[in-house]
Amino acid sequence: MKKRLLLTMIIASILLTGCFSYMDINRVYFSTITILDKEADGSRDLYGEYFTSDRGDSEQGGVVTRVVLKGNGRNSYEAFDNLQGSSTYPIRYDLLRAIGFTEDLARDGIEESLDFLERDQNVTNKIFLFITPVDPEKFMNLEMNDDKYVGVWLEDLFIFQEHQSKILSIRSNDYLNERLKGSRISVLPIIDIVKMPTEERLYVSAAAIMENNKMIGELSKEEIPLYKILFHSDKDIVGTFSVIDPNTRADVSVSLIVMDIDQKIETIDGKLTLIYDITGVCTIQSVVGEMNLLNSTIRSEFIKAVEETMSKNSEDFYKKYQKEGIDILDVKLKLNRKYPHMEFEDDIFQSVNIKVNTTITLDGSQNITKTLE
């Protein structure tokens, strides 16, 4: 009897080779990007770029179909639910690459929309987030020659260009953490459209300052490198800025590669001070006018001018947002970490000074073409 039962179980295990929770991927829409918007009446719009694969009848194999759908509802979930009604197949978010919010929605608040997507078990916490001033329909129907899927194109931009000084990217898990810490401020990239000779393309035009899930300000493209260096302490970031040569008054464009950065909070003359020590390598990109770096004295004075300009740009960046009441560098969080047993007011950063010390090495062809004096 036992042998017969064992034989039956073996045969059953061989024959029962089906898949649990099987779903035919040829009958599913996979989302690559979702954009959420708000209407004047307060309702929510949800736009999605989706693709599905059909096995096809030809010898060439399957055909991938791209569709863009829209749903509207009183809230984000209802908008998604109504969108399902216009879809031939069930919609899955396993392959979602990016989530966008229109600027109107961002200024009103993205918490409800983000909470809806966070609750979906198929949405990972490592997708990219962004803000856009572009109409979602135009955004979704933009045709770029190098990729027909907007979501895939954006993910590639954020991954492969993240070390470019003026390109900012952030994944949803980092944003969800930043919005709950310190001053509850985070920064999201703003994606706009730029006209090129043969087509219109997406690009990072600026960055949105988010406080408690609402857009309260905007970083210019020139300010993004300073934010990445001072807030994230990013190394190998290339920041480009203009310096006036103290000897000839020439306008010199330089690139600074940050090699090391250290930050701390100390008390100087009775005032809490946020101190940055930045070390980098500087190269000259262009010169409007005349300058001579072969003279060691002139060279030293120019290096000092570069260091002072970088320090001043960084300090002015902090003071600008300090004046606007925005704790852009999350000083409160830094204070909580240094003094864990002390309670600080939300506006404590208003009384904290900043001091940036920059040390650079000038690199370039002058070092190898002639001998310095």
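Any read-out appearing in this document is the output of simple, stated calculations on the displayed coordinates, not a laboratory observation. Worth saying up front: this structure is predicted, and the values here are computed from it rather than measured. Reconstructed Cβ throughout: ideal geometry from the backbone, glycine too, with neighbour counts over all protein chains shown.
Quick rundown of the values:
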| read-out | value |
| --- | --- |
| Total charge dipole magnitude, region 24-221, about the Cα centre, Cβ charges on Lys, Arg, Asp, Glu only, Debye to nearest 20 | 420 |
| Assigned charges on the beta-carbon of Lys, Arg, Asp, Glu; region 146-246 dipole about Cα centre (debye) | 380 |
| Between helix 150-160 and the chain: long-axis angle, C-alpha atoms, 0 to 90°, nearest 10 | 40 |
| Restricting region 180-285 to chymotrypsin sites (Phe, Trp or Tyr not before Pro) in coil, as DSSP defines it, with at most 10 other Cβ within 10 Å | none |
| Förster radius 56 Å - calculated FRET efficiency between Lys312 and Asn82 (Cβ-Cβ, nearest 0.05) | 0.60 |
| Top positive-direction residue, dipole computed over the chain with Cβ charges, set Ala106, Gln322, Leu180 | Leu180 |
| Rg over Rh, two decimals, the chain (C-alpha only, Kirkwood Rh) | 1.11 |
| Positive-end residue of Val134, Ile193, Val150, charge dipole of the chain with Cβ unit charges | Val150 |
| Rg over Rh [alpha-carbon atoms, Kirkwood Rh] for region 24-221 | 0.97 |
| For region 194-300, alpha-carbon Rg relative to the globular expectation (2.2 N^0.38 Å, N residues) | 1.43 |
| Positive dipole terminus of the chain, leading residue within Ile303, Leu256, Tyr77 (C-beta point charges) | Tyr77 |
| Cα-centre dipole for the chain with unit charges at Cβ (Lys and Arg positive, Asp and Glu negative), debye to 20 | 1300 |
| Largest-first ellipsoid semi-axes for region 233-373, taking √(5λ) over the Cα gyration tensor eigenvalues, angstrom | 36, 15, 13 |
| Longest site-free stretch - the chain; sites: trypsin sites (Lys or Arg not before Pro), DSSP loop, at most 14 other Cβ within 10 Å | 250-369 |
| Percentage relative contact order, the chain, counting C-alpha pairs under 8 Å, at least six apart | 11 |
| Net length gained if the chain between Asp192 and Ser242 were fully extended (0.36 nm per residue, minus Cα distance) | 15.4 nm |
| Ranked list, fewest to most other Cβ atoms within 10 Å of each Cβ, for Ser351, Ser183 | Ser351, Ser183 |
| Residue-by-residue Karplus 3J(HN,Hα) for region 286-300, coefficients 6.51, -1.76, 1.60, Hz, glycine and proline x | 7, 9, 9, x, 10, 7, 10, 9, 7, 7, 4, 5, 4, 4, 4 |
